[in-house]
1. Multiply the residue gap between GLN120 and GLN50 by 0.36 nm, knock off their C-alpha separation, and tell me the result in nm, one decimal place.
2. Work from the charge dipole of the chain (Cβ charges, +1 for Lys and Arg, -1 for Asp and Glu, about the Cα centre) and give the residue of LEU100, ALA59, SER33 farthest towards its positive end.
3. By how many degrees, 0 to 90 and rounded to 10, does the Cα axis of helix 54-63 deviate from the longest principal axis of the chain?
4. Taking only C-alpha pairs under 8 Å that are 6+ residues apart, what is the relative contact order of the chain in percent?
5. Starting at the first residue of region 90-105, write each ³J(HN,Hα) from the Karplus equation 6.51 cos²θ - 1.76 cosθ + 1.60 with θ = phi - 60°, in whole Hz, x for Gly and Pro.
6. Which one is right for this structure if Rg/Rh (Cα atoms, Kirkwood Rh) is calculated from it: (i) 1.00; (ii) 0.97; (iii) 1.14?
7. Using a Cα-Cα cut-off of under 27 Å, which lysines could be cross-linked to LYS61, ignoring same-chain neighbours fewer than 8 residues away?
8. Once you have a ≥ b ≥ c as the square roots of the Cα gyration tensor eigenvalues for region 34-107, tell me rounded if a/c is under 1.5, and otherwise prolate or oblate according to whether a/b is larger than b/c.
Amino acid sequence: MKTICRLAAFLLLLAPAVLAQEHYTEGPVWRVSLIRVKPTQMDAYLTSLQQSSKPILDAEKKDGTIMDYKLFLKETKSNPEDWDVCLAVEYKNHAAMDGLAAKGEMFRDKILGGKQPAQQLAEKRAEIRELITSDLLKEIILK
C-alpha cells in the first residue's frame with residue numbers, strides 16, 4: 001500500500017511538469033542584453049561592437065560555443081530612459097553554458113590580446129553606454 005501511495009504522490013508531483021510541456025517543445029536558450037547608448041555615442045558604440053565583439057562572437061559561433069547571435073536597434077522609444085540596442089546570443093541549451101567563462105576568456109585573449117585590453121575596452125564602453133538588463137530566456141516552440 002505504501003508503494004502505491006508513493007507512486008501516486010510522485011505522479012501528482014510530476015503532473016504539472018508534464019502538463020506544462022503539452023503545449024510546447026523546449027528550444028534554445030537566449031542571453032538577451034538591453035543597452036541604452038548615451039546621446040551622440042551610437043556611432044562609437046556600433047564601431048566598438050564591430051571591431052571587438054563581432055570577432056569574438058563569430059569565433060564562438062564557428063567553435064560551436066554559441067549557435068548564433070543577433071543585434072537589434074529599437075526604432076520606437078516610449079521614453080528617454082528606454083533601451084537602444086539589443087544583443088541576443090543563442091545557446092543550444094543550458095548545458096552549453098557550462099564552462100562559458102573560461103571559453104570566453106580564451107576567445108577574449110586571442111582576439112583582444114588579454115585581460116588588460118578587455119578591461120580598457122569595458123571602461124571605454126561604460127562611458128558611452130549603459131546596460132539596462134541582461135536576461136536568460138528559454139525559447140519555446142508551440143505544438
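1. So the extension gain works out to 23.6 nm.
2. The listed residue farthest towards the positive side: LEU100.
3. That helix lies at roughly 40 degrees to the long axis.
4. Values: 174 pairs, mean separation 62.4, N = 143.
Rounded, it is 44 percent for the chain.
5. 9, 10, 4, 6, 5, 4, 5, 8, 5, x, 5, 4, 5, 5, x, 5
6. (iii)
7. Those lysines meeting the cut-off are LYS70, LYS74, LYS92, LYS103, LYS110, LYS115, LYS124, LYS138.
8. Working: a/c = 2.73, a/b = 1.83, b/c = 1.49.
The shape class here is prolate.
The values are calculated or read from the model by the stated rules, or taken from the named source; none is laboratory data. Every value quoted in this text rests on a predicted model; they were computed, and no experiment measured them. Cβ coordinates were reconstructed from backbone atoms using ideal geometry, including for glycine residues, and neighbour counts include every protein chain displayed. Each accessible area value is taken on the protein alone, full model and side chains, heavy atoms only, with ligands, DNA and RNA left out. Shrake-Rupley method; radii C 1.70, N 1.55, O 1.52, S 1.80 Å.
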